[in-house]
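Structure, as C-alpha cells:
The values are calculated or read from the model by the stated rules, or taken from the named source; none is laboratory data. Just so we're clear, the structure is a prediction, and the values are computed from it rather than from any experiment. Methodologically, a virtual Cβ is constructed for each residue, glycine included, from the backbone with ideal geometry; neighbour enumeration extends over all protein chains shown.
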Amino acid sequence: MRIVAPSHPRSPPMAVTPSDLTTTHHMPNRTIRESLGIVSAECVLGINVFRDFLGGIRDVVGGRSGTHQKALQEAKQSCLRELAEEATALGADAVVGVDLDYSEISGGGKGMVFLVASGTAVRLG
C-alpha cells in the first residue's frame, strides 16, 4: 500500500491568540464572515485563609493586596488562553464580544474566586 499526500496540502489553521480577542462585537478593519458559536472557559481560584487574613488587614488599613491582584491576573490570563484555544479548535480567526465574569464562592472557612470568560468564535473575511 502506498500513501499519497494530497497535491495541495491544507495548512494548519492559524491559532487564535489573546490579541485576537475583543470585547466589541466587531474586529477593527476586518469583516466577520461566519459566526461559529459561543466559546467559554472557566477558572476557579482557591484563596488561602492566611493570605485572605493578611489581605483583609490591608483592606482595613488601606492599600491593595498584591497577592490577590496577581492571582486574579493569572486566572484572567489562563481563561483568555483557554478561550483562544477553544476558538482555534473550531477553526476561528478571532473571538468577539468577550465577557469576563467574576464570582466569589465561600463557605466553611474556604474562599474561592470563580472566573468565566465567554465570547463568540468567528471567521474573518
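Taking the stretch 95-125 as the search range and keeping residues that are touching a Lys or Arg at 6+ places or on another chain (Cβ under 7 Å) and closer than 18 Å to Lys76 by Cβ, which one is surrounded by the fewest Cβ atoms within 10 Å (Cβ to Cβ)?
Let us first name the residues in the stretch 95-125 that are touching a Lys or Arg at 6+ places or on another chain (Cβ under 7 Å), namely 100, 115, 123-125.
Then keep just the ones that are closer than 18 Å to Lys76 by Cβ; that gives 100, 115.
Numbers: Leu100: 16, Leu115: 19.
Of everything passing the filter in the stretch 95-125, Leu100 is surrounded by the fewest Cβ atoms within 10 Å (Cβ to Cβ).
Assess whether Ala15 counts as being closer than 26 Å to Val122 by Cα, of a type in the set (Gly, Ala, Ser) and either modelled with pLDDT under 80 or not in a loop (DSSP other than H, G, I, E, B) (or both).
Numbers: closer than 26 Å to Val122 by Cα: yes; of a type in the set (Gly, Ala, Ser): yes; either modelled with pLDDT under 80 or not in a loop (DSSP other than H, G, I, E, B) (or both): no.
For Ala15, the condition - closer than 26 Å to Val122 by Cα, of a type in the set (Gly, Ala, Ser) and either modelled with pLDDT under 80 or not in a loop (DSSP other than H, G, I, E, B) (or both) - is not met.
If you check Ala75 against the conditions, is it over 11 Å from Ala41 (Cα atoms) and not charged (D, E, K, R)? The answer is no for Ala75. One residue stands out in the stretch 64-112 among those that are outside any helix (DSSP H, G or I) and among the basic types (Lys, Arg): the one that is farthest from Gly37 (Cα to Cα), namely Arg64. Beta carbons closer than 6 Å, at least 6 apart along the sequence or on distinct chains, never pair a first residue in the stretch 33-56 that is closer than 30 Å to Ala84 by Cα and exposed (fewer than 15 other Cβ atoms within 10 Å of the Cβ) with a second that is among the small types (Gly, Ala, Ser) and modelled with pLDDT under 55. Filtered by the rule that a residue be modelled with pLDDT of 90 or more and either farther than 25 Å from Thr22 by Cα or charged (D, E, K, R) (or both), the stretch 46-104 gives Lys76, Arg81, Glu82, Glu85, Glu86, Asp93, Asp99, Asp101. Residues in the stretch 113-125 that are within 12 Å of the chain's Cα centre (by Cα) and outside any strand (DSSP E or B): none.
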